[in-house]
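Student: One structure coming up, written as structure tokens, with questions to follow.
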Amino acid sequence: MADAILTGVETRSSAPICIKRDKSFQSINTQGLYPAGEGAGYAGGILSAAIDGIKVAEAVAKSILITTIAKSG
């Protein structure tokens, strides 16, 4: 949507907990929230956090594409 807001928050900490996410990489209890990296409990260092960020970015792009196709079709 033209008025949509995409927010990416960066923290400088690791988390002893894991924000649960489903197979689409979204939070299981907050649709549209894509937890990623060390702060969400999905990485243990800078490289694994970067890889997790790439996977989440791909999941967001896929979600946008699916939504766009569904609305136009």
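The values are calculated or read from the model by the stated rules, or taken from the named source; none is laboratory data. These figures come from a predicted structure and were not determined experimentally. Cβ placement follows ideal geometry from the backbone for every residue including glycine, while neighbour counts extend to all protein chains displayed.
Student: If SER72 meets every condition in (1) surrounded by fewer than 11 Cβ atoms within 10 Å (Cβ to Cβ); (2) at pLDDT 90 or above apart from one, which number is that one?
Tutor: (2)
Student: Looking at segment 9-44 only, could you name the residues that are modelled with pLDDT under 90 and not in a loop (DSSP other than H, G, I, E, B)?
Tutor: Within segment 9-44, GLU38, GLY39, ALA40 meet the criteria.
Student: Next up: For the list (1) in a helix (DSSP H, G or I); (2) surrounded by 15 or more Cβ atoms within 10 Å (Cβ to Cβ); (3) aliphatic (A, V, I, L, M), I need the number of the one condition that LEU47 fails.
Tutor: (2)
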